[in-house]
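Okay, structure first, notes after.
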Amino acid sequence: MITKNQVRKNLYFDSVTLMVASSKMREMPGIGNAAVMMGTDHNRALMTAAGLIGPDTEPFGVNDTVVGILAESESAADAAIAYFDEFLNKKKSDTASAEKRVKTLTAAKSGAPESNFAVISVPGRFARAEAEKALALGYHVLLFSDNVSLQDEVELKHIAVEKGLLMMGPDCGTTIINGTALGFANVVRRGKIGLVAAAGTGLQEVTVLIDTLGEGITQALGTGGRDLKEEVGGLMMTLCLEALQNDPDTEVIVILSKPPAQSVMKKMLAQLEQVDKPVIAAFLGGDPALLEGSRVAYAKDLESAARLGVLAAQGRPLVLEDDSAAEIEELARRECALLGPEQKYLRGLYSGGTLCYEAMLLLEELGVKSWSNIAIDKKYLIEGSEASSENTLLDMGEDFFTNGMPHPMIDFRQRVDRMEKESADPGVAVLLLDCVCGYGTHEDPAGELAPAIRKAKKTAEEAGRHLTVIASVTGTETDPQPRSQQIRTLEEAGAIVLPCNAQASKLAAAIIQRQSAR
Amino acid sequence: MANQVNRLFASQLWVANVGVDVFYHAVLAQHVPAVQVDWRPPAGGDARMAEILAKLRDL
């Protein structure tokens, strides 16, 4: 292997653009590893650790773009650099042909006084300044950036509430406003259900399920994961609930979150007493007693939240029938007949944090305890770097996996590698996966997972084992990646695809329960 | 105070995207008007210098 690196002085690109270029370069023949990054101290450390730069690399600073390549030959490295140049040229010509580009938010506002919504995804340390500028200009804000301090969040939200503006985030990944998907979000039918969530992929999953159940949404508002903490006090939740209560098109309200801080819960329930629309809340992992005596209907998981929301929108009684139980039992029986008695464990590899969390809760409820990097019970907490043991569920969008790497909804390499590792473990019976579609995510998530599923099954097969792969697709038919096509791709690769993550988790649990009893 | 939010619900969404331009293209693909703010780190990414500049602006 040879190392080749280059420094491009005074050339700035956002991290997603550079990650996409890096990913494509890594897929080129003869390339062991490749990364293109801005020259920050953090990136310098990452690239040094990966052996992509060294003491002989030309000096660089935060304003420079750094290219590092590990390749089998000089010509392979040159080809990767040539590809990067081509990528940049294309980017520049796209930029030139785009209709509207300005340098500052102030210029955006003066050029388009009617603009009313700012989506901000600058690096965390600059996020507060941009969000504050946007609020001062009267913009509602979706702050996608993470690594923003709790204090900055509180202050930004106070400014926003004073002006009656939305300040969604920081770390808010998903929102649908007036039918438009912003951030990581799906194309969902318009309808009567309004949602507020402090759980990104949770909001994606529930809006998608509402769509597949034939209903639609008015607005899907994200607050950022910390909004219901004591320190933030549910500032955005309060504003969003008020807006949905006042919105004539919203007939049903659905709330999604982990259990709020006690004081926030109290405040929220008091507010909801004044709401004259049906309200459904999924406080994932919370005690149903939290809602006792209130007018809020309790949903125990994301699927229940969507189904209860749809029933309410249709004016039907809020009673859920477990109509999938028989099918799940039948599938579990069929799979267990193929599995060996030593195959007792499942490995869940997730790109969506809330989906991983939902799976963990459902499995636990069904008596399957899992190790996880997001375990609530610290006894079962494992680091992302640790090998899986027994039943393991990994949220691969967590910091350990995304530090200097693209999010697993965009770049599947880490998940694919891990699938290969897990499939070689003779104790593993089930691989459990999510496949998240929509704007912002990979153009063909199932297409990335399919070869890895085939390979995992083959690895097991060559060792004389069957491997069950269970997946669910968080996507609608109208998404850029149509749902039916994604499902077909996964099924053709040998996965069992369930209608949602909750059902996929239940099937996994049913199989593990049976295998444990053997 | 939610009136501004309800006004947004009743208006044409018009997006200013600051940063990652994948999100700008996603908005355009949905036929929603948008402008891309080609954000660069202030003061060439020097956080301390940026802070000083921001303070000067506030004076």
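Would you please put A:498-510, A:420-432 in order of how densely packed they are, using the mean number of other Cβ atoms within 10 angstrom per residue and starting with the highest?
Taking the mean over residues of other Cβ atoms within 10 Å, the ranking is A:498-510, A:420-432.
Return the average number of partner chain Cβ atoms within 10 angstrom of each residue Cβ along peptide B:25-33.
Across B:25-33, the average partner-chain Cβ count within 10 Å equals 5.
List the GluC sites (Glu not before Pro) within the range A:259-330 that fall in a DSSP loop (any state other than H, G, I, E or B) and whose Cβ has at most 15 other Cβ atoms within 10 Å.
A:Glu292, A:Glu321
Can you list the lysines whose alpha carbon is less than 16 Å from that of A:Lys109, not counting same-chain residues fewer than 8 positions off?
A:Lys100, A:Lys133
List, in the order given, every pair from A:Lys24/A:Lys379; A:Lys157/A:Lys506; A:Lys103/A:Lys157; A:Lys229/A:Lys421; A:Lys455/A:Lys506 whose Cα-Cα distance in the structure shown is over 32 Å.
Violating the 32 Å Cα-Cα cut-off are A:Lys24/A:Lys379; A:Lys157/A:Lys506; A:Lys229/A:Lys421.
Can you pull the mean other chain C-beta count within 10 Å for peptide A:124-131?
Mean inter-chain Cβ contacts per residue within 10 Å come to 4.
How many Cβ atoms of partner chains, on average, are near each residue of A:177-187 if near means within 10 Å of its Cβ?
Counting Cβ atoms of other protein chains within 10 Å of each residue's Cβ and averaging gives 4.
Looking at the range A:477-514, which GluC sites (Glu not before Pro) are in a loop (DSSP not H, G, I, E or B) and have at most 16 other Cβ atoms within 10 Å?
Within the range A:477-514, the qualifying GluC sites (Glu not before Pro) (loop, at most 16 other Cβ atoms within 10 Å) are A:Glu477.
Between A:Cys435 and residues 5 or more places away or on another chain, which pairs have amide H atoms under 5 Å apart, with H built 1.01 Å from N, and which residues are they?
It is A:Ser472, A:Thr474, by chain and number.
With a cut-off of at most 14 other beta carbons within 10 Å, and DSSP calling the residue loop, which trypsin sites (Lys or Arg not before Pro) in the range A:1-68 qualify? Please list them.
Passing both the DSSP loop test and the Cβ count: A:Lys9.
Please list, in order along the range B:20-30, the HN-Hα scalar couplings obtained from phi with the Karplus expression 6.51 cos²θ - 1.76 cosθ + 1.60 (θ = phi - 60°), rounded to whole Hz, x for Gly and Pro.
Taking θ as phi minus 60°, the curve returns 3, 7, 4, 5, 5, 5, 5, 5, 4, 4, 9 Hz for the range B:20-30.
Ordered by residue, what ³J(HN,Hα) values in Hz, to whole numbers, does the range A:135-150 give under the Karplus form 6.51 cos²θ - 1.76 cosθ + 1.60, where θ = phi - 60° and Gly and Pro are x?
5, 4, 7, x, 7, 6, 10, 10, 9, 6, 4, 10, 6, 10, 5, 4
Quick one: which residues, 5+ away or cross-chain, put their amide H under 5 Å from the amide H of A:Gly164? H built at 1.01 Å from N.
none
Straight-line reach from A:Lys378: which aspartates and glutamates have Cα under 20 Å away, leaving out those fewer than 8 places along the same chain?
Here the aspartates and glutamates satisfying the reach criterion relative to A:Lys378 are A:Asp287, A:Glu358, A:Glu364, A:Glu365, A:Glu386, A:Glu390, A:Asp395, A:Glu398, A:Asp399.
Reachable aspartates and glutamates from A:Lys91, Cα under 18 Å, same-chain residues fewer than 8 places away excluded?
Partners found: A:Asp14, A:Asp64, A:Glu99, A:Glu443, B:Asp21, B:Asp38.
Rounded to the nearest 20 debye, what is the charge dipole size of the range A:2-97 about its Cα centre when +1 sits on each Lys and Arg Cβ and -1 on each Asp and Glu Cβ?
Here the range A:2-97 has a charge dipole of around 220 debye.
Once phi is turned into ³J(HN,Hα) by the Karplus curve 6.51 cos²θ - 1.76 cosθ + 1.60 with θ = phi - 60°, what whole-Hz value does each residue of the range A:415-430 show in order, with x for glycine and proline?
5, 4, 4, 5, 4, 5, 4, 5, 5, 7, 7, x, x, 8, 9, 9
Here, each number is a calculation from the coordinates, and none is a lab measurement. Just so it is clear, the model here is predicted, and its values are computed rather than measured. Here Cβ is always computed from backbone atoms with ideal geometry, including for glycine, and neighbour counts include all displayed protein chains.
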